[in-house]
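Dropping a structure here in structure tokens format, bear with me for questions.
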């Protein structure tokens, strides 16, 4: 073997040693980084647990309130009455009455009775008031000749809303 071959062999072995050392260092750094990351996460979880005190509360509650034993209900035999079954019912509709109920359209107005005194209503633009006599009674006839009397308009305010009841005590 020549000097040059010796140098090549030494250089090659040094290069292999450096590669192995570099790989070992890289693996060690990765392992250290992973360990540090796990440690930081554990510290974070411990801090949250310490701040919330959940573990201490759970421990105290376990001492004070032991877990309840679930009890089952006793089986009881059914008693009284008849068991459910399928039955048959007979429906008898009510007898038909002539004319039915309600008002037959159209309605025809026969008479409108107005209040003697007008109600004063404010204008939309607030420029003043105008007087209007309210309807107190209206008489109409439906299509079948029945008379319909509508009263109670005097119990409404100028907007058509029910007036509040008057105080009997004054």
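If contacts are Cα pairs under 8 angstrom and at least 6 residues apart, what is the relative contact order of the chain in percent?
12
For a protection proxy built on the mean count of beta-carbon atoms within 10 angstrom, sort 131-138, 88-95, 29-36 highest first, please.
131-138, 29-36, 88-95
Taking segment 28-170 as the region of interest, what is the percent of Cα-Cα pairs per 10 angstrom bin, listed from the shortest bin to the one with the maximum distance?
Bin by bin from 0 Å, the calculated values are 7, 12, 12, 9, 7, 7, 13, 18, 10, 4, 1.
If you consider only alpha-carbon coordinates, what radius of gyration and Dmax does segment 108-155 have, in Å?
When restricted to Cα atoms, segment 108-155 yields Rg and Dmax of 14.7, 47 Å.
Once both labels are modelled 7 Å past Cα along the beta-carbon direction, what's the residue 144-residue 24 spacing in nm?
11.2
Using alpha carbon coordinates only, what is the Rg to Rh ratio of segment 1-100, with Rh defined as the Kirkwood radius?
Taking Rh as the inverse mean 1/r over Cα pairs, Rg/Rh reads 1.71.
Taking only Cα atoms, what is the 0 to 90° angle, nearest 10, from helix 54-64's long axis to the longest principal axis of the chain?
That helix lies at roughly 70 degrees to the long axis.
Which value in deg cm²/dmol, rounded to the nearest 500, describes the helix-derived mean residue ellipticity at 222 nm for the chain, given -39,500 (n - 2.57) per DSSP H run of n ≥ 4 and division by the residue count?
Working: 2 runs with 61 residues, N = 170.
Estimated from H runs of four or more residues: -13000 deg cm²/dmol.
Another question about this same structure. With axes computed from alpha carbons, what is the tilt in degrees of helix 3-52 against the longest principal axis of the chain, rounded to the nearest 10 within 0 to 90?
Compared with the principal axis, the helix lies near 30 degrees.
Just so you know, all these numbers are worked out from the coordinates, no wet-lab data involved. These figures come from a predicted structure and were not determined experimentally. Don't worry about glycine lacking a Cβ; one is built from the backbone with ideal geometry, like all the others, and counts go over all protein chains shown.
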